[in-house]
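Below is one structure, written out as structure tokens; the observations come after it.
The values are calculated or read from the model by the stated rules, or taken from the named source; none is laboratory data. Small disclaimer: the values here were computed from a predicted structure and weren't measured. Note that we place each Cβ from the backbone using ideal geometry, even for glycine, and neighbour counts take in every protein chain shown.
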Amino acid sequence: MRILSINIIIVFLLAKVATAQQDTMQTKHWLIPKSVITQYAGSIGYLSAGVGYNLNKSGNSTLDIHYGHVPASKGGSLHIVTAKFAYRPFHVKINQHTTLSPLNPGFFLSYHAGSNFDSTWDDNNYPKGYYWWSTAFRPHLSLSTELSLKSEKKLKSIGIKKLSFYSEFNTNELYFVSLFQNSTYLKLHDIFKLGFGSRIYF
């Protein structure tokens, strides 16, 4: 409940900032995000928050920019910046106010900031190519499910069109290779991570 409350507070603060931007940046529409997001877990931080942009007129393709943090008590302290692309190929209308986007494939790239992370391994300490992956960058494949709720009149009056809640499975290239190299010890479900998020569209 505490995590949910924090997420809700962050979302509404971001929504307030974003709607204020709409009033002051009318000449630069491409800079104005179409949504604000918070997420719990899912490989991009213990808690993360971000903004979303539509890549097409229908809004089925989106680009989200997140900042996430993992506190020291949860294995950090880590600071993670993520760019996420998602595509919603079809929607199922449940009723007049509720729509389900059941299978949304996506891709995202996360960057771990800090002196402990590098884009390449130090060739002075390791033979060239000995470690093929980057400690700072991590590409992921994802699959999400999103439930969207149209806003009531009071929320629409302040620019909020709808609210949504989603779950997202993801894996990365390091987990995927590890599965094939250690198939005796790792199973398919071991390489997937799960995150939960909420989004405000405006």
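If we keep just the residues of the range 26-39 that are in a loop (DSSP other than H, G, I, E, B) and surrounded by 12 or more Cβ atoms within 10 Å (Cβ to Cβ), which is farthest from the chain's Cα centre (by Cα)? It comes out as ILE32.
Does THR120 satisfy the condition of being under 28 Å from HIS69 (Cα atoms) and among the β-branched types (Val, Ile, Thr)? It would help to see each step written out before you state the result.
Working: under 28 Å from HIS69 (Cα atoms): yes; among the β-branched types (Val, Ile, Thr): yes.
Yes: the conditions hold for THR120.
Screening VAL11 against (1) β-branched (Val, Ile, Thr); (2) modelled with pLDDT under 95; (3) more than 17 Å from the chain's Cα centre (by Cα) leaves a single unmet condition, (3). Suppose the filter is in contact with a Ser or Thr (Cβ under 7 Å, 6 or more places away or on another chain) and over 25 Å from SER35 (Cβ atoms); does SER178 pass it? So SER178 fails the test. Filtering the range 99-113 to residues that are free of Cβ contacts under 8 Å to residues at least 40 places away in the same chain and surrounded by 13 or more Cβ atoms within 10 Å (Cβ to Cβ) leaves PRO105, PHE107, LEU109, TYR111, HIS112.
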